[in-house]
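Visitor: Could you have a look at this structure, given as structure tokens, before my questions?
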Amino acid sequence: MTFKKDNHENWMDQVSKDYNLDEEMKKHPGFGKPLPSRLFSGDIYSNFVNTAKEAGYLPPFVALQKEIRQEIAKALKLKEENAKDSELSNLIAQINEKIKKYNSSCPPSMQRGRIGLDNIENQYKIWE
């Protein structure tokens, strides 16, 4: 419970908010029903993955992977158009920062290497 003098929130306000939240939870269609037995059999991870897919959940690293792929395509286009080296280097540095973030959030088997001017074509094939 929170006690704030500045915002004039006291414990009765918190009790009221908690009650309203409980009432909203009770309106959901699966409230009070037992979990399906299929969730307790087999591989727990694959059950989680299937449930997440059914719910439309997209892990953040998958969205980042798509963003990196688009950025690499943009860098390839700039390289083909003979853009300024400084502009291309800045873009590659930004991409490498995103790759670092991606590698820290994805499973080890999905991690990718950094890109550079010399290997950008090969890396684009890997990121496809």
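Visitor: Can you name the residue in segment 100-128 that is in contact (Cβ under 8 Å) with a residue 24 or more places away in the chain, in a helix (DSSP H, G or I) and of a type in the set (D, E, K, R) and, of all such residues, is least open to solvent (accessible area, probe 1.4 Å)?
Guide: Step by step, filter segment 100-128, then rank; the result is GLU121.
Visitor: Something else now. Show the residue pairs that are 6+ apart or on different chains and have beta-carbon atoms under 6 Å apart, the first residue being within segment 79-93 and free of Cβ contacts under 8 Å to residues at least 24 places away in the same chain, the second being open to solvent by less than 100 Å² (accessible area, probe 1.4 Å).
Guide: Final answer for the pair search is LEU91/ALA75.
Visitor: Next question. Go through segment 25-41 and give me each residue that's open to solvent by less than 100 Å² (accessible area, probe 1.4 Å), part of a helix (DSSP H, G or I) and either closer than 16 Å to THR51 by Cβ or modelled with pLDDT under 75 (or both).
Guide: Selection gives SER37, LEU39.
Visitor: Filter segment 64-99 down to residues that are of a type in the set (D, E, K, R), farther than 16 Å from ILE126 by Cα and assigned to a helix (DSSP H, G or I) and give me whichever is most open to solvent (accessible area, probe 1.4 Å).
Guide: Restricting to residues being of a type in the set (D, E, K, R), farther than 16 Å from ILE126 by Cα and assigned to a helix (DSSP H, G or I), the top hit is GLU80.
Visitor: Could you check segment 100-120 and list, in sequence order, the residues that are of a type in the set (A, V, I, L, M, F, W, C) and closer than 12 Å to ALA75 by Cβ?
Guide: If the condition is that a residue be of a type in the set (A, V, I, L, M, F, W, C) and closer than 12 Å to ALA75 by Cβ, then ILE115, LEU117, ILE120 are the ones that fit.
The values are calculated or read from the model by the stated rules, or taken from the named source; none is laboratory data. Only a predicted model underlies this, so the values are computations on that prediction, with no experimental measurement involved. With ideal geometry, Cβ positions are generated from the backbone for all residues, glycine too; neighbour counts draw on all protein chains shown. In case anyone asks, the SASA skips ligands and DNA or RNA and just uses the protein heavy atoms, side chains included. Shrake-Rupley method; radii C 1.70, N 1.55, O 1.52, S 1.80 Å.
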